[in-house]
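The values are calculated or read from the model by the stated rules, or taken from the named source; none is laboratory data. Predicted model, so just to flag it, every value in this text is computed and none were measured. Cβ coordinates were reconstructed from backbone atoms using ideal geometry, including for glycine residues, and neighbour counts include every protein chain displayed. Note: areas computed on protein heavy atoms with side chains; ligands, DNA, RNA excluded. Shrake-Rupley method; radii C 1.70, N 1.55, O 1.52, S 1.80 Å.
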Amino acid sequence: MTEKVLITRPLPDRVLEAAKARFDVTIREDTQPMAQDDVVVALLAYDGLLPTLGDPLGAETFAKAGTPRCRMLANFGVGYNHIDVAAATAAGITVSNTPGAVTDATADIALTLMLMTARRAGEGERMLRRGDWNGWHPTQMLGLHMTGKTVGIVGMGRIGKAIAKRAHSGFGMDVVFHNRSAVDDVGVSAHQLGSLEEVMATADIVVIAVPATPETYHLINKKTLAAMRPTAHLVNIARGDIVDEAALIDALKSGVIAGAGLDVYEKEPTVPAELLALENVTLLPHLGTAALEVREAMGLMAVENLIAFFDGNDPPNRV
Ligand code: 8YV
């Protein structure tokens with residue numbers, strides 16, 4: 001049987017071809033997240049969905065859908081905080097994601113932001129484009145020398161380990177980290193510290209690499225930011241609501257920390273005007289995995305999960 005599958009955003013051609021080779025595929029051409037009512041209709045009309053960031057798949061959506069036709073949600077992306085997995089499961093729907101495919105690209109963006117915020121690259125570029133650069137001088141735009149410093153990684157999963165490897169092997173950084181459970185092998189020399197506050201206090205650059213869950217909501221807040229050094233920087237490549245954005249703005253304004261590099265925001269695509277106005281923050285538009293081959297790998301992995309499921313096998317990346 002050829003199952004009906006809805007792909008909720010335009011994806012690279014290779015991915016669409018792979019999906020069409022096996023399923024009766026509908027592609028939603030809109031690049032924005034779906035409206036909840038449209039998701040409800042889709043859950044009733046399709047056997048499988050390939051959704052992504054921001055598509056509203058919370059408990060309320062499943063409640064509205066009642067008994068859905070949909071049996072499989074193959075999320076495009078490793079983060080699935082827009083999906084209530086318990087509610088999906090209760091509705092008889094299996095959920096998968098795309099770990100592995102996103103790891104290196106997301107770690108690369110972490111390193112990009114670490115360097116950009118430490119070395120004031122965004123600020124310097126803005127100054128130059130404004131025509132305000134009066135020429136080099138020895139004490140101009142001095143930043144934090146990243147080589148040999150300490151990185152504090154919050155969340156030592158696949159992405160955390162890839163960041164540790166780059167920071168340690170590429171920049172000679174000491175690695176300290178916080179993780180819920182004990183991690184024996186990071187792959188490079190690294191020290192798991194007793195508490196999040198200890199990591200925040202020890203690191204020159206703190207990088208957030210935990211998934212967004214109810215437990216990690218506002219994990220980085222006024223109190224944890226206060227533990228950081230005034231010379232330290234915060235980088236978030238995970239999900240916006242892990243950081244209390246208002247507390248971060250206060251910390252950046254009042255000198256509690258020196259700078260920040262963000263790829264994600266609490267209410268994407270809204271970025272608070274106060275953040276936009278600050279020089280000591282680098283702001284990227286959720287570029288974590290934005291490279292064609294990475295988006296292809298993510299999409300092909302999602303399609304592989306759909307195929308496994310509808311062939312009667314366990315999807316390799318069930319969550
Ligand atoms: C994705 C990400 O591109 O994989 C993830 O969870 O954060 C991104 O880099 C996007 O969020 C789709 O999930």
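Here are some notes:
- When VAL175 is tested against (1) touching a residue at least 60 places away in the same chain (Cβ under 8 Å); (2) farther than 24 Å from ALA291 by Cα, exactly one condition is not met: (1).
- Residue match in the stretch 187-203 (condition: within 16 Å of the ligand (Cβ to nearest atom) and not charged (D, E, K, R)): no
- Listed by first and then second residue, the pairs linking a residue in the stretch 263-287 that is more than 20 Å from PRO211 (Cα to Cα) to a residue that is among the polar types (S, T, N, Q), with Cβ atoms under 6 Å apart and 6 or more places separating them unless they lie on different chains, are THR282/THR117.
- Any hit, the stretch 43-65, residues being over 22 Å from LEU300 (Cα atoms), among the hydroxyl-bearing types (Ser, Thr, Tyr) and more than 16 Å from the ligand (Cβ to nearest atom): yes
- Exactly one residue out of GLY92, GLY135 is away from the ligand (no atom under 14 Å from the Cβ), more than 30 Å from LEU57 (Cα to Cα) and either assigned by TED's automatic domain parsing to the domain that holds VAL154 or open to solvent by 10 Å² or more (accessible area, probe 1.4 Å) (or both), and it is GLY135.
- Candidate set from the stretch 213-236 (those that are under 17 Å from VAL199 (Cα atoms) and within 16 Å of the ligand (Cβ to nearest atom)); member that is farthest from the chain's Cα centre (by Cα): THR216
- Within the stretch 120-153, restricting attention to residues that are outside any loop (DSSP other than H, G, I, E, B) and among the small types (Gly, Ala, Ser), the residue that is nearest to LEU278 (Cα to Cα) is GLY122.
- Cβ pairs under 6 Å, 6+ apart, first in the stretch 1-23 and open to solvent by 60 Å² or more (accessible area, probe 1.4 Å), second modelled with pLDDT of 95 or more: THR2/ASP24; LYS4/ASP24; LYS4/TYR46; LYS4/ASP47; ARG14/GLU296
- Taking the stretch 274-290 as the range and being open to solvent by 80 Å² or more (accessible area, probe 1.4 Å) and either within 12 Å of the ligand (Cβ to nearest atom) or not in a loop (DSSP other than H, G, I, E, B) (or both) as the test, the residues that pass are GLU274, LEU276, PRO285.
- Residue in the stretch 308-319 that is under 30 Å from LYS20 (Cβ atoms), within 22 Å of the chain's Cα centre (by Cα) and in the same structural domain as ALA21 (by TED's automatic domain parsing) present: no
- Pairs where the first residue, in the stretch 124-143, is on the phi > 0 side of the Ramachandran plot and the second is basic (Lys, Arg) and loosely packed, with under 13 Cβ neighbours inside 10 Å, C-beta under 9 Å, 6+ apart: none
- Pairs are defined by a Cβ separation below 9 Å, a sequence spacing of at least 6 or placement on different chains, a first member in the stretch 41-64 that is basic (Lys, Arg), and a second member that is at pLDDT 95 or above; the pairs so defined are LYS64/GLN36; LYS64/ASP37; LYS64/VAL39; LYS64/VAL40; LYS64/LEU43.
- Residue within the stretch 256-267 that is within 19 Å of the chain's Cα centre (by Cα) and open to solvent by 40 Å² or more (accessible area, probe 1.4 Å) present: yes
- Screening THR98, THR89, THR117, THR106 for residues that are among the β-branched types (Val, Ile, Thr), out of contact with any Pro (no Cβ under 7 Å at 6 or more places or on another chain) and assigned to a loop (DSSP other than H, G, I, E, B) leaves exactly one candidate, THR98.
- Restricting ASP47, ASP55, ASP37, ASP84 to those that are on the phi < 0 side of the Ramachandran plot, open to solvent by 60 Å² or more (accessible area, probe 1.4 Å) and not assigned by TED's automatic domain parsing to the domain that holds LYS267 reduces the list to ASP37.
- Top-ranked residue in the stretch 298-307 [being open to solvent by 30 Å² or more (accessible area, probe 1.4 Å) and away from the ligand (no atom under 11 Å from the Cβ); ranked as farthest from the chain's Cα centre (by Cα)]: ILE307
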